[in-house]
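We did not get these values from a lab; they are worked out from the coordinates using the rules stated. Since the structure is predicted, the reported quantities are computational estimates derived from the model, not experimental observations. All Cβ positions, glycine included, derive from the backbone under ideal geometry; neighbour counts span all protein chains shown.
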């Protein structure tokens, strides 16, 4: 026959540590959960990626400084964004001949929203 719960007048059968399921749940002398150490957090950006970003930023800033006006045909606004004609995968992100300084409107509206026209003009490879 199962033994009764250790909690005073409770006649439910023991579950764990001598208490029934309900009183085991209500126990206040349980050890608190161990909190994970914050010292082993995963870095949001790896060291390798930080080096790549630093290299890219320097290339981008040099190019943007050398090309202050939008390079889209027929536009003369100030350039605010750098377009990558060949994409940004791997080493392509550093390939300066594929860079193109653009204003926001030309970059988003004329190039990315109309890719067929941009390919004909050579703005997308």
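Computed over the chain, relative contact order equals 15 percent, with contacts defined as Cα pairs under 8 Å that lie 6+ residues apart. All distinct Cα pairs of segment 61-105 go into the 1/r average, and the inverse of that average, the Kirkwood radius, is 10.7 Å. Convex hull of alpha carbon positions in the chain: directionally averaged projected area 16.3 nm².
With the convex hull of its Cα atoms as the shape, segment 47-121 has an orientation-averaged projected area of 5.1 nm². Residues 93, 45, ranked from the fewest to the most other C-beta atoms within 10 Å, line up as 45, 93.
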